[in-house]
1. Please give the length that would be gained between D97 and D50 if that part of the chain were fully extended, namely 0.36 nm times their separation in residues minus their C-alpha to C-alpha distance (nm, one decimal).
2. Once amide H atoms are built 1.01 Å from N in the peptide plane, which residues 5 or more positions from L112, or in another chain, come under 5 Å H to H?
3. What value, in deg cm²/dmol to 500, does the helix sum -39500 (n - 2.57) over DSSP H runs of n ≥ 4 give at 222 nm once divided by the residues of the chain?
4. Arrange the peptides 153-160, 166-173 so that the one whose residues have, on average, the most other Cβ atoms within 10 Å appears first.
5. Relative contact order for the chain: what is it in percent, counting Cα pairs under 8 Å that are at least 6 residues apart?
6. Using only the alpha carbons, work out the radius of gyration and Dmax of the stretch 29-107 in angstrom.
7. For the chain, set up a GNM with springs between Cα atoms under 10 Å and report which of S119, S249, S174 has the largest fluctuation.
8. Which of the peptides 136-146, 40-50 is most tightly packed, and how do the rest follow, judged by the mean count of other Cβ atoms within 10 Å per residue?
Amino acid sequence: MTATRFTELTGCTVPVQQAPMGAVSTPALAAAVASAGAVGTLSALGLELDQVLRAVAKARARTTGVLAVNVLTEDVDEDLVVAVAERVRLVDFFWLDPRPRLVELVHGAGALASWQVGSADEARAAADAGCDVVAVQGVEAGGHVRGSRPLRPLLAEVLGAVPVPVLAAGGIASGPALAAVLADGADGARIGTLFVATEESGAHPGYKRALVEAGPGTTEVTGAFAAGCPLCATNARARVLSSAVARVSSFDGDVVGTLSAGGREVPLPPGAGLPPLTAVSGDVAAMALYAGAGVAGVTAVRPAAEVVADLAAHAEAALRPGAGRSTGRR
Ligand SMILES: Cc1cc2nc3c(=O)[nH]c(=O)nc-3n(C[C@H](O)[C@H](O)[C@H](O)COP(=O)(O)O)c2cc1C
C-alpha cells in the first residue's frame, strides 16, 4: 500500500508496527505480522537474554519480514540491546527517557532505533538522541499510557517538532482509522489491541472474547492493575476494559488466578499487572484486560495476516482520491 518514510526506512510494505505487548506478542504473532508486510514486534519484558534470543530465532525461522524487539523501563541490559540489534531491523524503547547511549549501541550493531513517547518534549529528546523513528502514544492507547493527551493534536505537534518518521499509536483499530492518521501526516501506525485478538497472540481466549464483545466507550485509564508491575513504580496508568476495573474492585479474596510457568503455579493477587495469558487460569474477567479506546474495532478473533491485509485494504480505499482523504507524505 501507500509508501511512507517508515516503510522506506524499515523495508516493510504496510505502514503498521504491531505493538510489543509482553508475552501477548508471541514469536508466532510477530512472524505472521512481518510475513503479511507490516513490522512484527517481540518484547524483552521479564526475559533473560537467552530467552529473548530464542524468541527472536523462533520468529526469524518463520519469516523473512521486518522484525523489531522492544526494551522497556529504566533497567536496561546493554548486552541484550546489542544482541537484539544484531538480529532485527528495529530496536524499540518505551517507558524510559531517551538515551543517546542506547541509540548508539543500536546503530553500532546495525539496527534502527525507535522510541515511543507521550509528549512533544519527549519526541524532541528522542530525535536529539539520534532515534530513526518516533512513535507518539495518545491517551487512547491500550496498556500503559505514558502521556495524557489525545492522539490527533499530539501527533500534529510531534510532526512539527521532529524531522524523523512518526508512528501514531492509540485507539487505531481499523483501516479508516489508519487512513486518518496517515492523512494527518503520520508515517504509519503502531497498533496493539487489534493484535491481541488474533489467533497467534498469547492472550487468554477469555481476554480475546472480552475485546470482541466490547463496544465503544468501554475502556478507562486506571491504576487498579499495579501489583507486580515493573512500569507502575514510575506511573501506574494503564488503559483497560472498564468491566475489569469493576470486577476487580468487587473481587473478594487474595488470589485472582494462577500463572503456570516453568512447572510452577504462581498465584496472582487481585490487581496484578500481568494480563491474562494462555498460561493463566482463574477469574480472567477480573484481570488486567488492557484495551485501547478503539476496542469497538475488534470484531472477531482472526489470523494476524488477515488483520494486516484488512487494515491495508481498508486504509487504501479510504485514501483513494474521491474517498475524501489524501496523504501528502512519502
Ligand atoms: C496488552 C498490551 C500490552 C502492551 N505492552 C507493551 C509493552 O510491553 N511495551 C510497549 O512498548 N508497549 C506496550 N503496550 C502499548 C503499545 O506500545 C501501544 O502504545 C498501544 O497498544 C497502542 O494503542 P492500541 O492498543 O489502542 O492500539 C501494550 C499494549 C497492550 C494493549
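Readers should treat all values here as calculations from the given coordinates under stated rules, not as data from a laboratory. Source: prediction; values computed, not measured. Using ideal geometry, Cβ is built from the backbone for each residue, glycine included, and neighbour counts are taken over all protein chains shown.
1. Result: 14.4 nm gained on full extension.
2. L90, V91
3. On the way: 12 runs with 112 residues, N = 330.
Helix contribution divided over all residues of the chain: -9500 deg cm²/dmol.
4. Output ranking for 153-160, 166-173: 166-173, 153-160.
5. After rounding, I find 18 percent.
6. 12.0, 33
7. Most flexible of the set in this elastic network: S249.
8. Put in order of decreasing packing, that is 136-146, 40-50.
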